[in-house]
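*Asks:* Please read through the structure below; I'll follow up with questions.
The values are calculated or read from the model by the stated rules, or taken from the named source; none is laboratory data. No experiment lies behind these values; they were computed from the predicted model shown. Here the Cβ positions follow ideal geometry from the backbone for every residue, glycine too, while neighbour counts run over all protein chains shown.
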Amino acid sequence: MILPQKHSATGTTIFTVMSALAQQHNAINLSQGFPDFPIDERLAALLGEAASTGYNQYSPMPGLPMLRQAIANDFKKRYDLKVDADNEVTITPGATYAIYAAFTSVLQSGDEAIVLEPAYDSYIPNIEMNGAKAVPVPLAAPTFNVDWDRVKAAISPRTKAIIINTPHNPTGATWTREDWDTLADILRGTDIAVLSDEVYEQIIFDGKEHYTVLQHEELRQRSFALFSFGKVFHNTGWKIGYCIAPPMLTQAFRRIHQFLSFAVNTPAQYALAQYLATAHDGLIWKMMQQKRDYFLELMQQTPFTIHRPAGGSYFQVAGYEHISDMPDLEFAKWLTETCGVATIPVSPFYSNKQDDKLVRFCFAKKEETLKAAVGRLMSLKEARITS
């Protein structure tokens, strides 16, 4: 049997590789982006309440009306944005699914989509599975700002989409209002759709504000805004996300969604709807900022270089030029096996495997986890390892 090659990615994802290596060597896992602390007891209780009160069958295809309305109310409260719960909000089994469904809504064979790299590893396979071509545009390490001239140069008559990620995985970089204005200037007069991956939108630091594409009136009309409850409420295993898009794009999105999953976990939708309406205080960033700051303070005792503190997300990128000249993948594996701390190398986030000698740490962990991990990294203080 000859099976079709749907995308160019090969082998197992770097997240699976490093987590398996961490388990094999009993390493502290700061690689994959999931918390090791419990969710709010109130949210957990609501999940049980949902099952015991009959929310156990298929939900409507767009999602439970109560959850879609709770999302609309939440965006009104936090951003002063009017969102149509019926015609602009679709609940999905996770944000990664929503990214695929959004790409599938607008791409067909022969199209092109621009990807800013380093990039979350699902983007390019999603584009290629739709018969389209990914056009990578590198961000400039170590600040990872956008080179707008390169974005302009990447646009062709075949360009149908561009995907944005803010706060950014893997680097923690964030977009400003000026970035959105510049993108709007570039896209004006085209039919290019924007996919805005904003799964870390409530995890932003240092008194800054998150600017969602939905706040940009011009771009909103061409955009799929993609979100994740898993990142906001530390329940990544629930796999509940959502897409907010104007009615025309929502209709296209739902035409795909109804034949992929149709319905999404009903008890979890009920629990999230009730939690958003009654208990959610929207202050997750305070807890995560404390974790980031604590991690950065600890890391001062190591030879790693922090070029720029993460502006948002679960992640902090660090350089290891004072420790080794190994390629980043080799170094990450060595660090796991030798020091007992698992990280993610940044090169797998580039299609050409560009290696800037950087690794990504996840600081969405208990303080004792972070302290134990950095305690192990301190053993590198006097070391210099060569490949």
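Residues are listed down the side, and each one gets a yes or a no for (1) modelled with pLDDT of 95 or more; (2) in contact with an Asp or Glu (Cβ under 8 Å, 6 or more places away or on another chain); (3) under 22 Å from ASP197 (Cα atoms); (4) not hydroxyl-bearing (Ser, Thr, Tyr):
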site: LEU298; (1), (2), (3), (4): yes, no, no, yes
site: HIS307; (1), (2), (3), (4): no, no, no, yes
site: GLY311; (1), (2), (3), (4): yes, yes, yes, yes
site: PHE315; (1), (2), (3), (4): yes, no, yes, yes
site: ILE344; (1), (2), (3), (4): yes, no, yes, yes
site: SER347; (1), (2), (3), (4): yes, yes, yes, no
site: LYS357; (1), (2), (3), (4): yes, yes, no, yes
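*Asks:* Still on this model: Taking the condition of being touching a Leu at 6+ places or on another chain (Cβ under 8 Å) and hydroxyl-bearing (Ser, Thr, Tyr), how many residues in the stretch 15-54 meet it?
*Replies:* Counting residues in the stretch 15-54 that are touching a Leu at 6+ places or on another chain (Cβ under 8 Å) and hydroxyl-bearing (Ser, Thr, Tyr) gives 0.
*Asks:* Moving to a separate point now. Quick check on the stretch 64-84. Is at least one of its residues more than 21 Å from HIS210 (Cβ to Cβ) and small (Gly, Ala, Ser)?
*Replies:* The answer is no, given that none of the residues of the stretch 64-84 is more than 21 Å from HIS210 (Cβ to Cβ) and small (Gly, Ala, Ser).
*Asks:* When you look at ASP328, is it surrounded by 19 or more Cβ atoms within 10 Å (Cβ to Cβ) and among the charged types (D, E, K, R), yes or no?
*Replies:* Considered against the rule, which asks whether it is surrounded by 19 or more Cβ atoms within 10 Å (Cβ to Cβ) and among the charged types (D, E, K, R), ASP328 comes out as yes.
*Asks:* Okay, moving on. Please determine, by comparing only the residues of the stretch 124-140 that are surrounded by 19 or more Cβ atoms within 10 Å (Cβ to Cβ) and of a type in the set (Gly, Ala, Ser), which one is farthest from ILE256 (Cα to Cα).
*Replies:* That would be ALA134.
*Asks:* Condition check: surrounded by 15 or more Cβ atoms within 10 Å (Cβ to Cβ), among the polar types (S, T, N, Q) and assigned to a helix (DSSP H, G or I). Does GLN274 satisfy that?
*Replies:* In short, yes.
This table checks each residue for (1) modelled with pLDDT of 95 or more; (2) of a type in the set (D, E, K, R); (3) assigned by TED's automatic domain parsing to the domain that holds ARG254.
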| site | (1), (2), (3) |
| --- | --- |
| ILE2 | no, no, no |
| LYS6 | no, yes, no |
| MET18 | no, no, no |
| GLN23 | no, no, no |
| GLU49 | yes, yes, yes |
| GLN57 | yes, no, yes |
| GLN69 | yes, no, yes |
| LEU81 | yes, no, yes |
| ASN87 | yes, no, yes |
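*Asks:* So, GLY63, is that one under 24 Å from the mean Cα position of the chain (by Cα) and either at pLDDT below 95 or part of a loop (DSSP other than H, G, I, E, B) (or both) or not?
*Replies:* Answer is yes for this residue.
*Asks:* I want to confirm something. Restricting to the stretch 282-304 and keeping residues that are without any contact (Cβ under 8 Å) to a residue 40 or more places away in the chain and not charged (D, E, K, R), which single residue is farthest from LEU30 (Cα to Cα)?
*Replies:* LEU283
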